[in-house]
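Laboratory data are not the source of any read-out in this text; all were calculated from the coordinates shown. Please read all numbers here as calculations on a predicted model, not as lab measurements. Every residue, glycine as well, gets a Cβ built from its backbone with ideal geometry; the counts of neighbours run over all protein chains shown.
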Amino acid sequence: MNNEDYGYDYDYLFKIVLIGDSGVGKSNLLSRFTTNEFNIESKSTIGVEFATRTIEVEGKKIKAQIWDTAGQERYRAITSAYYRGAVGALIVYDISKSGTYENCNHWLKELRDNADDNVAVGLIGNKSDLAHLRAVPTAEAKNFASENELLFTETSALNSENVDQAFRELITAIYQMVSKHQVDLGDSGNNAAAAPKGPTISLTPTPNENKKSSSSNCC
Amino acid sequence: MAVRSGPHEMSEKGHHNAHESSSVGVGLVSSLMKSWRISSSSSSSPKAASDPELSTSRRSSQSNNDNNHRTGAISLMNDQKFADSDGNFDAIAKQKTSTIRTPSASYSPMRYMSPSNTNNVTNESPRTSLLRHNNHHSSTHTLTHTISNTTTGNGREPSSSRHHDRYFKDLDEDWSAVIDDYNMPIPTILNGGVDSPYALSRKSTTSSINTTSVRSTSFNYPQLPHIQKVDSSDLRSEEELDAERNVQELNSMIQRIAKFDDILKNKHIINQQQLREISWNGVPKIHRPVVWKLLIGYLPANTKRQALFLQRKRKEYRDGLDHTFSNQHSRDIPTWHQIEIDIPRTNPQIPLYQFKSVQASLQKILYLWAIRHPTSGYVQGINDLVTPFYQTFLTEYLDPSQVDEVEKLDPETYMTKEQILDIEADTFWCLTKLLEQITDNYIHGQPGILKQVKNLSQLVKRIDIDLYNHFQKEHVEFIQFAFRWMNCLLMREFEMGTVIRMWDTYLSETSQEITSSTNSTTPTDPSMPPLTPKEQSSATFVTPTNDSFRSPSSATITNNMNTSSDNSTRIRQSSLNEFHVFVCAAFLIKWSDQLMVMDFQGIITFLQNPPTKDWTETDIEMLLGEAYIWQSLYKDATSHWL
Ligand SMILES: Nc1nc2c(ncn2[C@@H]2O[C@H](COP(=O)(O)OP(=O)(O)O)[C@@H](O)[C@H]2O)c(=O)[nH]1
Ligand SMILES: [Mg+2]
């Protein structure tokens, strides 16, 4: 990659996807984490959107590029394309709506089907401020998370409780995986270890992949 | 229309299979020529011959046929050359498809431009760079000059380029005239606001080559919005110019209102074609509710039938509600729930949509639409598309002085319960009509959107190759930003006022072709007088009977929908959907300069939230005008679109 063209202000770039049913608060978690904003009535997400924030983990600057997807069934065929290149994912449900929690299994499966095998995954029970309406017990979700080797946090995009922490944990997990991976790989030709500046983890398809997809005929 | 599309569809299929090999060119072209001949001769149906107007058009199209034969031959040679040089035979061969198609009698006169454009498009880079190195106001103007230059300089085909010259000269003069206006005294209205001299001259120019094409409205190219930039050499002060501009705007508004009155008032049958032509350039607020209902094909053009028709449709809607919300009908919980989640997230910045009564209305409309269209069902974004109708139809119930307040007032304060139900019904039927045109966008897998995104990327590749290459280099995929553009018809990109103005044009681009295909496939009801095409369309507008309304499976409805759409889908796609892709292209290319210096993240972030907050109607009109020009220049590019 042409690192010289842009002055990179980070050591790593991680693509993370947010998934989960419509209305659980994905977009607000994203805006809370990246710009510290919350919108009671934000518009529904159509297609995909993204935002970034750079945080420091173990002395390294990591830019998290977080993709937000629409939760409606209809869009799943299209959004699956967005799993490509993701190194982390947060599956979000709404603690006050048990249906959104039950669907997490489905989301996990979709993730496993579409994303890289060693993508780091976190489970998030959002809207923890709605304690009086709680429909999903914390213990149950925690159990589900550990069974499936997922990180787990309950958050509130509304009062920002645990939001930073949830993202931070995921990013740290990715970082640890990546640095371990690098050690494993040694200098097997990948520029990852050799050139720590710039996007180590690619979030976009390699030129070859890209060519392949663009030449496929749509009609 | 059906006659035209039949053979071409077939030949296009063959074409798709063949395009791998570049040597196939000659055979392909001649087979296309043949297929065109078939369609051309079959277009002289007895019906056409009996109609004096139609046969005139055939004569004029006949003379154009000859031109096009020749042009076809010339571009054949070109194509071979180009196929060798860049191997992009696919795109070029498809251009020719349209070259040969052009003479079809039912084609819009606008398409007469295609032959010489076929030559132009191949050397697009100079124009592209010109465009990009100008800001958007002046670039449009540059574009005109470029067009006229290329066209005049490109005299391969004398007779057909005479048409082009006339068109473009006319266009060019018109545009510079508009620009010069600012340095001239304020024009006074001498003719009682009947018709501006420009419009008159435009009409007389077009009439000579105008055929009976159903879609001749497209020849009524956009009246260009006034350019707001002030020449620095101008001696007059800003305020003076502002005042002049205001007076001018007022004058032209009065003129427009008079024109609409002329078309709409005291008419037995409203001339739909006239209405489309004039509405393309914007509809006055006071006329908008009625005009939109006419344009979308809801309200019959026969004014004598309108009252009864509305009464029937409004009752039908109420019956639908009664049935759907009765005990015997089990609620589709996931659909209801999804709509419920989206209603509070619909236009959250506009107070109107926070009122409980409005939210309840929209919930009912969307739910009823969803369960009556099970192949599509409710798809997020449809909640956006319903609002321009709803909001516009509300204004009918407001005092003219309060029309601008529509976004702030609770309808319950100025409407009765009955009236609210009426407006829900009108909104429901118009939404139905609109979504009929873009069904493929919302069925499983959203193939319509995927196609449009693909078409957009191909279009940008041709119009602005530098931007296209930059996107490739940065690994920006069109789907990443354009999905929403297609799913919500760019509504998310603009403020509501701008969107509504945009819809004047979009609704003028709808359904004419559906109408004509309906005409050719369904026998006209003998009990009814032969009316305008639109009127017939309203008359044949298939609405489920009460019985099918009641059937919970809605299977019959689905069947109806599918059979009726099969014949016209293809044609249908070509109007609103096609134009929308050009609008998207114009919108994207508008930011080309900025985007060229951005990286992946910059580009996506920018396009996710483009700086359109301050866009005025003038800006949107400029955009629509640009899209229109692109569409006429790259018409051939769309010949392989679906
Ligand atoms: N009480 C509460 N409401 C929330 C929270 N996060 C989101 N919401 C609300 O839930 C609704 C849906 O949020 P949104 O972010 O659009 O959900 P998405 O569809 O998953 O992107 C909005 O009305 C938000 O205001 C939260 O943490 N607490
Ligand atoms: Mg969202």
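For the stretch B:576-642, what relative contact order do you get, as a whole percent, if you take Cα pairs closer than 8 Å and at least 6 residues apart?
Once normalised by length, the contact order is 61 percent.
Rounded if a/c is under 1.5, else prolate if a/b beats b/c, else oblate: with a ≥ b ≥ c from the C-alpha gyration tensor eigenvalues square-rooted, which is the stretch B:238-283?
prolate
Counting partner chain Cβ atoms within 10 Å of every residue's Cβ in B:441-448, what's the average? Numbers along the way, then the final one.
Values: counts 0, 1, 1, 3, 4, 4, 2, 0.
Per residue, the number of nearby Cβ atoms from other chains is 2 on average.
Give A:Lys97/B:Lys417; A:Lys15/B:Lys473; B:Lys313/B:Lys433 a once-over and call out the pairs whose C-alpha atoms are over 23 Å from each other. Intermediate values should be presented prior to the final figure.
Details: A:Lys97/B:Lys417 34 Å; A:Lys15/B:Lys473 19 Å; B:Lys313/B:Lys433 13 Å.
Among A:Lys97/B:Lys417; A:Lys15/B:Lys473; B:Lys313/B:Lys433, the Cα-Cα distance tops 23 Å for A:Lys97/B:Lys417.
Roughly speaking, what is the centre-to-centre gap between the stretch B:362-382 and the stretch B:241-264 when only Cα atoms are used, to the nearest Å?
What the calculation gives is 39 Å, centre to centre.
Tell me, what is the FRET efficiency for B:Asn609 and B:Lys315 to the nearest 0.05, using R0 = 56 angstrom and their Cβ-Cβ distance as r?
0.80
How many nm separate the modelled label positions at B:Asp262 and A:Asp129, each set 7 Å beyond the Cα in the direction of the Cβ?
Label at B:Asp262, label at A:Asp129, 5.8 nm between them.
Tell me, A:Trp67, B:Trp336 in order of fewest to most beta-carbon neighbours within 10 Å?
Details: A:Trp67 23, B:Trp336 16.
Ranked by crowding around the Cβ, least crowded first: B:Trp336, A:Trp67.
Which FRET efficiency, nearest 0.05, do A:Lys61 and A:Asn105 yield, Cβ-Cβ r, R0 41 Å?
That pair, A:Lys61 with A:Asn105, gives E of 0.70.
Could you tell me whether the stretch B:304-437 comes out rounded, prolate or oblate from its Cα gyration tensor? Rule is a ≥ b ≥ c as square roots of the eigenvalues, rounded for a/c under 1.5, then prolate if a/b exceeds b/c, otherwise oblate.
oblate
Arrange the following residues from fewest to most other Cβ atoms within 10 Å of their Cβ: A:Ser42, B:Ser401, B:Ser361.
So the residues, fewest neighbours to most, are B:Ser401, A:Ser42, B:Ser361.
Give me the one-decimal nm value for the distance between modelled label points at B:Thr335 and B:Thr375, 7 Å along each residue's Cα-to-Cβ direction.
According to this spin-label approximation, the distance is 1.5 nm.
Label A:Thr138 and B:Glu249 with points 7 Å out from Cα along Cα→Cβ: what is the distance between them in nm?
5.8
Tell me, A:Arg32, B:Arg305 in order of fewest to most beta-carbon neighbours within 10 Å?
B:Arg305, A:Arg32
Once a ≥ b ≥ c are taken as the square roots of the eigenvalues of the Cα gyration tensor of the stretch A:12-183, is the result rounded (a/c under 1.5), prolate (a/b larger than b/c) or oblate (a/b not larger than b/c)?
It is rounded, given that a/c, with a ≥ b ≥ c, falls under 1.5.
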